[in-house]
Amino acid sequence: MTRNLSRLSGAIGIKVFALALAAVLSALLFADPAFAQATETVTEEGTIRSAAGAEGSTIEEVVVEGNVRTETSTVRAYMVLSEGDIYTAEAADQTLKFLFQTGYFTDIGIDMRAGTLTVAIVENPMINRVIFRGNRAIDDEDLAEEVELRPRTFFTPAQVQADVQRILELYRRQGRFSAQVNPQIVELDQNRVDMVFDINDGPETGVRRINFLGNEQYNDRRLRGVIATQETKWWRIFSANDNYDPDRLTFDREQLRRFYLSKGYADFRVVNSVAELTPDREDFFITFTVQEGEQYTVGSVEVNSELERLDEDVMRRLVPIHEGEVYNADFIENSVDNLTFFAGAQGYAFVDVNPRVRRNRDDHTIELSFEVNEGPRVYIERINIVGNTRTLDRVIRREFRLAEGDAFNRVLVERSRARVRGLGFFESVEVTEEPGSLPDRTVLNVQVEEQPTGEISFGLGFSSTDAYVFDLSITERNLLGRGQFLRFAVQFSSRTRQVDLRFTEPYFMGRNLAAGFDIFQVRNNFIESNFSTETTGAGVRLGFPISENNRVNLTYTIRRETIDPEDGFCNPSRYIVDEDEDGEDDDGFIPLPPICESEEATWISLAGYTFTSDMRDDFLEPRRGTFFSLSQQVAGLGGDIRYVRTEVDTRFYHAPFSRGVLEDVVFSLRGTGGYIFDWGGDDGLRRSDRFFKGGATFRGFEPSGIGPRSAVTGDPIGGRMYAIGTAEIGFPLPTPGELGLDAAIFADFGTTGLLTDSDIGGAEFRQFVRDDLTFRSSVGVSVFWDSPFGPVRLDFAHVLARENYDRTEAFRFSGGTRF
């Protein structure tokens, strides 16, 4: 049966009373006359009885009664009295207190008579299970971690009340101040109980209004954008910060302080922050009282160093602080980092940069000086990695440019952090230092926060001629936490069906070798031309670094291609043309495609390499730096086809503003190009081996929308060469940060084409091919939304320059979700 906590306490009290009554009756019936003068002391912990003359007598025997689960030896271990000791009331009281503090016993009685010390105990019930009922806002696992009661431990009412308060505090941190917790017990046999916490989550308490008092320089709306706590609004259905959290309020105070310090208010302080529950107890009013003080400007700025290889003029230019400008405390940390990096690049692995700030309250200026000197030699004692609940330690450690025992180098520490972040497995990566066991030792703590690495993505496009283009892929970039890459993709459209499986092991056989394989099948349906092609193949890859920023990848692919003409495709009448436009198709014809001459499958053997040089400051969200890639493939080492394909990709990133509202604006340039030529024959280059551009590679044009096209059938036939450039300016949209909206203004420009006479069947058929190597361009806007369901991208494009046979699209959408 189920009873509440008070009833259990009453039951325990009855047992104690019965035990005490039995002891009294026994004393009255069987005690000798001397015992009639016995003393009794009752305390919160229990009862001490002693016969007359017991004080100072010797204990001849110790007897423990009432223990069922607790071993007699355990009870005696907590006693300060044993056989042969002199009995004193003080020692008995101390024994009583020690036994009670164990939490094992409900009541304890000590009785000293005729040389025998009897310890009678009543054990607390043993907890069989801890059960949570009615909780929906917080999982059982989270509650179990919060409470201290555990199965197979002793029940105590005090511990139950303490756990009730812990649960309520956990609910308060989630903004549920109306939560109720009712502890109950279920009595079982053998003095066992099930501990049950009946929970009523209650409504989530929101934030109705955030007010600021004392702010003259910045209005309330501006300051609300600084703090993490947000007012409850209907559109913030995915926000977790629109409820009252005392811990978050402390963080908000620090955020306000940092904001005002970055604006030059060095005397700023938060006087207090008050949260008041509304009369209906559904929301909170939060009020911050601030004292802004005066704004400070920068006085003199000096950089001093006694190290020979460090040029003070160069170091001064590395400090982004200038005399006369508004003081910004954030720039001091940036200056220390810049100077430390510069010293490390000059060979000083151990350097101390000590910034000194002197505040002049009379003229409201701040004088700065940076002392750069060689510091003590420090070595890495240990590298701790925490927060990687899924990713294996070795996956993170192999990205570090430092190992335990190496000399500490801040440049390599920061480079290691960038490499770990570049894996794309973690939401955040922080590396902090703490003193080691010796003065010349330091401990690096790597704090990571896992993020979803699985992704289900889809894309949907609309064009002026095709009805749709749909693709779906399932990707896991951190398979089983080992850093392995696995991707399965399918693509469907009115023209294409593609299935692709790709796997990569980034550290093959424990070495810095990326090995992988690909299996794929592609079917292209040329609707207007009444034929389709099917390609099935597999490939292997091996990649290795040749320096910190340069890498080489080697590839080999073997594939089998078949072409399936539809009925009527090879009918010569389809290729008769009317040259004089007299309405009679008797003037000439273009040659039948090679696929009409042979139905045998074609085997292609491809070997190639890719050289990559990546000098970007961040692999995921670059703000400055360059990227360069050169790849070549050679077909003909076996197989039926021979050609050489070369492609180049180069990118440049620059963030022109280091601070202010435009600091997140990034300007980028990208140029891609390629050329392919055949060798060992004069049959020309097959259509399927040529370059087709458009869609995501040239916005504003549909896939394969630009380049050579048949004047007879209207089909794209691809080109031997392409050159495409992109200029883009990316920036965050002026919307609440939790919406995750960014945008970019872009311009795409370039061309493709350059077919030879052998590619089209001969010079006499040049008139039936549209191959103008002319300039094309488009401009537009891309919108990026980091939605709760995954990244979403919208492209809106307008074509500026085109040929009349090019195919365009004004809108493209792509999106996905992560797991």
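Being open to solvent by 60 Å² or more (accessible area, probe 1.4 Å) and either within 30 Å of Ile456 (Cβ to Cβ) or among the aromatic types (Phe, Trp, Tyr) (or both) is the filter; apply it to the range 754-783 and report the residue that is farthest from the chain's Cα centre (by Cα).
Phe775
Yes/no per residue for (1) under 23 Å from Asp247 (Cα atoms); (2) over 32 Å from the mean Cα position of the chain (by Cα); (3) open to solvent by 60 Å² or more (accessible area, probe 1.4 Å):
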site	(1), (2), (3)
Leu168	yes, no, no
Arg172	yes, no, yes
Asp198	no, yes, no
Arg208	yes, no, yes
Glu216	no, yes, yes
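Could you please tell me which pairs satisfy a Cβ distance under 9 Å, a separation of 6+ or placement on different chains, a first residue in the range 621-649 that is farther than 10 Å from Gly608 by Cβ and open to solvent by 60 Å² or more (accessible area, probe 1.4 Å), and a second residue that is among the small types (Gly, Ala, Ser) and part of a strand (DSSP E or B)?
Every condition considered, the pairs that remain are Thr626/Ser613; Phe628/Ser613; Leu637/Ser605; Leu637/Ala607; Asp640/Ser605; Arg642/Ala635; Arg642/Gly636.
Hey, could you check the range 285-305 for residues that are open to solvent by less than 10 Å² (accessible area, probe 1.4 Å) and aromatic (Phe, Trp, Tyr) and say which is nearest to Arg176 (Cα to Cα)?
My answer is Phe288.
Identify the residue in the range 306-329 that is among the acidic types (Asp, Glu) and in a loop (DSSP other than H, G, I, E, B) and, among all such residues, is least open to solvent (accessible area, probe 1.4 Å).
Here the answer is Glu325.
Looking at the range 481-531 only, could you name the residues that are in a strand (DSSP E or B), modelled with pLDDT under 90 and among the charged types (D, E, K, R)?
Scanning the range 481-531 gives Arg487, Arg497, Asp500, Arg523.
Restricting the first residue to the range 724-740 and requiring it to be at pLDDT below 90 and open to solvent by less than 30 Å² (accessible area, probe 1.4 Å), which pairs with a second residue that is in a strand (DSSP E or B) and of a type in the set (S, T, N, Q) meet a Cβ separation below 8 Å and a spacing of at least six or different chains?
So the pair list comes out as Gly740/Ser787.
Restricting attention to the range 338-348, and to residues there that are open to solvent by 30 Å² or more (accessible area, probe 1.4 Å) and out of contact with any helix residue (DSSP H, G or I) (no Cβ under 8 Å at 6 or more places or on another chain), which single residue is farthest from Tyr296 (Cα to Cα)?
Filtering first and then ranking leaves Gly347.
Output the residues belonging to the range 92-123 that are in contact (Cβ under 8 Å) with a residue 60 or more places away in the chain and open to solvent by 10 Å² or more (accessible area, probe 1.4 Å).
Of everything in the range 92-123, those that are in contact (Cβ under 8 Å) with a residue 60 or more places away in the chain and open to solvent by 10 Å² or more (accessible area, probe 1.4 Å) turn out to be Thr106, Asp107, Gly109, Asp111, Arg113, Ala114, Ala120, Val122, Glu123.
For the range 784-794, how many residues are among the hydrophobic types (A, V, I, L, M, F, W, C) and either over 28 Å from the mean Cα position of the chain (by Cα) or surrounded by 17 or more Cβ atoms within 10 Å (Cβ to Cβ) (or both)?
So the answer is 3.
Scanning the range 652-682 for residues that are farther than 26 Å from Ser335 by Cβ and among the charged types (D, E, K, R), which turns out least open to solvent (accessible area, probe 1.4 Å)? Give the steps one after another, and end with the answer.
Taking the range 652-682 as the starting set, the residues that turn out to be farther than 26 Å from Ser335 by Cβ are 652, 668-682.
Filter again for among the charged types (D, E, K, R), leaving 670, 678, 682.
Values: Arg670: 106, Asp678: 39, Asp682: 126 Å².
It comes out as Asp678.
Which one of the conditions (1) exposed (fewer than 15 other Cβ atoms within 10 Å of the Cβ); (2) in contact (Cβ under 8 Å) with a residue 12 or more places away in the chain; (3) closer than 30 Å to Ala345 by Cβ; (4) touching a strand residue (DSSP E or B) at 6+ places or on another chain (Cβ under 7 Å) does Arg258 fail to meet, given that it meets all the rest?
Going through (1) exposed (fewer than 15 other Cβ atoms within 10 Å of the Cβ); (2) in contact (Cβ under 8 Å) with a residue 12 or more places away in the chain; (3) closer than 30 Å to Ala345 by Cβ; (4) touching a strand residue (DSSP E or B) at 6+ places or on another chain (Cβ under 7 Å) one by one, Arg258 breaks only (4).
Pick from Ala797, Ala810: which is modelled with pLDDT of 80 or more and open to solvent by 60 Å² or more (accessible area, probe 1.4 Å)?
Ala810
Among the numbered conditions (1) out of contact with any Gly (no Cβ under 8 Å at 6 or more places or on another chain); (2) open to solvent by 40 Å² or more (accessible area, probe 1.4 Å); (3) part of a loop (DSSP other than H, G, I, E, B), tell me where Leu685 comes up short.
The single condition Leu685 does not satisfy is (2).
Select from the range 49-64 the residues that are assigned to a strand (DSSP E or B) and surrounded by 13 or more Cβ atoms within 10 Å (Cβ to Cβ) and write down the one among them that is farthest from the chain's Cα centre (by Cα).
Applying the filter and picking the extreme gives Ser50.
Let me spell it out: the conditions are (1) open to solvent by 30 Å² or more (accessible area, probe 1.4 Å); (2) under 30 Å from Gln184 (Cα atoms); (3) more than 50 Å from the chain's Cα centre (by Cα), and Gly46 meets all of them except one. Which number is the exception?
So Gly46 meets the others, but not (1).
Sort out which residues of the range 330-353 are in contact with a strand residue (DSSP E or B) (Cβ under 6 Å, 6 or more places away or on another chain) and in a helix (DSSP H, G or I), and write them in order of number.
Hits for the range 330-353 are Ile332, Val336, Leu339, Thr340, Ala343.
For every residue, the table says whether it meets (1) polar (S, T, N, Q); (2) over 19 Å from Thr250 (Cα atoms); (3) at pLDDT below 85.
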residue	(1), (2), (3)
Ala162	no, yes, no
Arg172	no, no, yes
Gly175	no, no, yes
Gln180	yes, yes, no
Gln190	yes, yes, yes
Val196	no, yes, no
Asn211	yes, no, no
Gln217	yes, yes, no
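So which of Val372, Val378 ends up being closer than 21 Å to Leu444 by Cα and either more than 34 Å from the chain's Cα centre (by Cα) or not aromatic (Phe, Trp, Tyr) (or both)?
Val378
How many residues, within the range 183-204, are in contact with a Leu (Cβ under 9 Å, 6 or more places away or on another chain) and within 18 Å of Asp163 (Cβ to Cβ)? I'd like the intermediate steps shown before the answer.
Just the residues of the range 183-204 that are in contact with a Leu (Cβ under 9 Å, 6 or more places away or on another chain), to begin with: 183-185, 187, 193-195, 197, 199.
With within 18 Å of Asp163 (Cβ to Cβ) added as a condition, the list becomes 183-185, 193-195, 197, 199.
Result for the range 183-204: 8.
Mind checking whether some residue in the range 701-721 is buried (at least 21 other Cβ atoms within 10 Å of the Cβ), hydroxyl-bearing (Ser, Thr, Tyr) and at pLDDT below 90?
yes
Before we move on, is Ile86 modelled with pLDDT of 90 or more, surrounded by fewer than 19 Cβ atoms within 10 Å (Cβ to Cβ) and within 30 Å of Ile199 (Cα to Cα)?
no
Tyr327: aromatic (Phe, Trp, Tyr), within 30 Å of Gln230 (Cα to Cα) and touching a strand residue (DSSP E or B) at 6+ places or on another chain (Cβ under 6 Å), yes or no? Before you say what the answer is, go through the steps one by one.
Values: aromatic (Phe, Trp, Tyr): yes; within 30 Å of Gln230 (Cα to Cα): yes; touching a strand residue (DSSP E or B) at 6+ places or on another chain (Cβ under 6 Å): yes.
Considered against the rule, which asks whether it is aromatic (Phe, Trp, Tyr), within 30 Å of Gln230 (Cα to Cα) and touching a strand residue (DSSP E or B) at 6+ places or on another chain (Cβ under 6 Å), Tyr327 comes out as yes.
The values are calculated or read from the model by the stated rules, or taken from the named source; none is laboratory data. Quick caveat, the model's predicted, so the values are computed rather than measured. When we count neighbours, we look across all protein chains shown, and the Cβ atoms used for this are built from the backbone with ideal geometry, even at glycine. Just the protein is used for accessible areas: all its heavy atoms, side chains included, with ligands, DNA and RNA removed. Shrake-Rupley method; radii C 1.70, N 1.55, O 1.52, S 1.80 Å.
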